[in-house]
Amino acid sequence: MTIQWFPGHMAKARREVTEKLKLVDIIFELVDARLPQSSRNPMIDEIIQHKPRLVILNKADMADQYRTNEWLAYFADKGIKAVAVNAHQGTGLKSIMSGAQEVLKDKIDKMKARGIKPRAIRAMIVGIPNVGKSTLINRLAGKNIAKTGNMPGVTKAQQWIKVGKELELLDTPGILWPKFEDQEVGYKLAVTGAIKDTILNLHDIAIYGLHFLEEAYPSRLKERYDLEEIPEEIVEAFDRIGAKRGCLAGRGLVDYDKTAELIIRDIRTEKFGRLTFERPNESDDV
Ligand code: GDP
């Protein structure tokens, strides 16, 4: 899904999430495990205020496992519970339930102490486009999709999906905008396919990807394109890759578009293996 975000759209998105906040006990903040910082909404803390939250690193199957563990530890350090899942295959889903219970433990314990039988936890998924919100909702809903209809006191019809006995999930996620004023964030979102290629220049995205691979995973870059060493000038690497892979425009010249597309496709389709584009210590403003 591609959304052109304008101030009006942002205000509306924010209003929608704020309205639904009242209905839930906890927010499931979905982010991309390959870029757990850049795939967050820049105003998320302000929007959800003090509502309990569980950060879900989705697409963990595509992310570097070592880095995912670093991120989980980082969030834990900040006192934010985070779990890693693969909504596509449905792995790690149990950790969402146990994570939510952990976050709400005090509240649940208090209810128990007062003799109140805890009801199902009510949750809403929020996140920027393309992080896998719909995929996760469908996964959690599974075959047992049972819509509970309107909740008392709610004017607008809200559909709830029952996930087992212990969780009820709003069937529509909150869609928030990414932090696109930061160019680096824009490139990370583009190279992973979270935003449309047309927003940024294709060559720049590919060059960004090459720079990243050169720094973070140089041996994988060399191996993939059979490079003995990575040229100092990254545009030279780009040219060599184009030539080696037969991305030619005639008269032996490299076709820049084809080469850029090839590199971006290789990154997105895991030809370099599982990649994570940022480390926790690079961004200390979570
Ligand atoms: P939404 O815009 O946040 O609702 O995102 P979608 O649910 O439409 O997912 C965007 C894309 O990511 C789709 O192509 C999904 O198949 C893919 N996707 C979602 N979750 C995962 C995951 O855990 N792993 C992988 N590899 N792909 C996923």
What is the chain's relative contact order, in percent, from Cα pairs under 8 angstrom and six or more apart in sequence?
21
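With a/c under 1.5 counting as rounded, go ahead and sort segment 62-110 into rounded, prolate or oblate using the C-alpha gyration tensor (a ≥ b ≥ c being the square roots of the eigenvalues; past the cut-off, prolate if a/b is larger than b/c, else oblate).
In terms of gyration-tensor shape, oblate.
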Considering only protein heavy atoms, what is the solvent-accessible area of Asp106 at a probe of 1.4 Å, reported in Å² to the nearest 10?
110
Just order 244-250, 205-211 by mean Cβ neighbour count inside 10 Å, highest at the front, would you?
205-211, 244-250
Using amide H atoms built 1.01 Å from N in the peptide plane, name the residues 5+ places from Ile161, or on other chains, whose amide H lies under 5 Å from its own.
Leu169, Leu170, Asp171
May I ask for the equivalent-ellipsoid semi-axes of the chain, computed as the square root of five times each C-alpha gyration tensor eigenvalue and listed largest first in whole Å?
41, 19, 16
With just the Cα atoms defining each centre, how far is segment 28-54 from segment 211-286? Give it in Å.
30
By its C-alpha gyration tensor, with a ≥ b ≥ c as the square roots of the eigenvalues, how is segment 7-170 shaped: rounded for a/c under 1.5, else prolate for a/b larger than b/c, else oblate?
rounded
³J(HN,Hα), Karplus 6.51/-1.76/1.60, whole Hz, each residue of segment 122-133, x for Gly, Pro:
9, 9, 9, 8, 10, x, 6, x, 6, 7, x, 4
For a quick check of understanding: with a 1.4 angstrom probe and all protein chains in place, what accessible area in square angstrom does Ser219 have, to the nearest ten?
80
Separation of the Glu181 and Glu19 label points, Cα + 7 Å toward Cβ, nm
2.7
List the residues, sorted by chain then number, that are 5 or more residues from Gly174 or on another chain and whose placed amide H is less than 5 Å from its amide H.
Ile125, Val126, Gly127
Arg220-Ile80 FRET efficiency (beta carbon distance; Förster radius 51 Å; 0.05 resolution):
0.95
Taking 29 Å as the cut-off for C-alpha to C-alpha distance, list the pairs among Lys196/Lys244; Lys81/Lys271; Lys12/Lys107; Lys105/Lys179; Lys22/Lys196; Lys51/Lys196 that go past it.
Lys81/Lys271; Lys12/Lys107; Lys105/Lys179; Lys22/Lys196; Lys51/Lys196
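If we count every other residue with Cβ under 14 angstrom of Asp61's Cβ, Lys/Arg +1 and Asp/Glu -1, where does the sum land?
Net of charged neighbours comes to +3.
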Set of aspartates and glutamates with alpha-carbon distance to Lys162 below 14 Å, sequence-local pairs under 8 removed
Asp171
Let's see if you can work this out: charge +1 on each Lys and Arg Cβ, -1 on each Asp and Glu Cβ, no other charges. What is the dipole magnitude of segment 7-170 about its Cα centre, in debye to the nearest 20?
700
Under 5 Å, built H, 5+ apart or other chain: amide partners of His88
Lys59
Once phi is turned into θ = phi - 60°, what whole-Hz ³J(HN,Hα) does the Karplus curve with 6.51, -1.76 and 1.60 give for every residue of segment 188-196, x standing for Gly and Pro?
4, 5, 6, 5, 8, x, 6, 10, 5
Could I have the simple spin-label model distance between Ala11 and Arg114, label points 7 Å from Cα toward Cβ, reported in nm to one decimal?
3.8
Would you kindly find the accessible area of Val126, with a 1.4 Å probe and non-protein molecules such as ligands, DNA and RNA excluded, rounding to the nearest 10 Å²?
0
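The values are calculated or read from the model by the stated rules, or taken from the named source; none is laboratory data. As the structure is a prediction and not an experimental result, all values here were calculated from the model. Cβ: placed from backbone, ideal geometry, glycine included. Neighbour counts: every protein chain shown. Note: areas computed on protein heavy atoms with side chains; ligands, DNA, RNA excluded. Shrake-Rupley method; radii C 1.70, N 1.55, O 1.52, S 1.80 Å.
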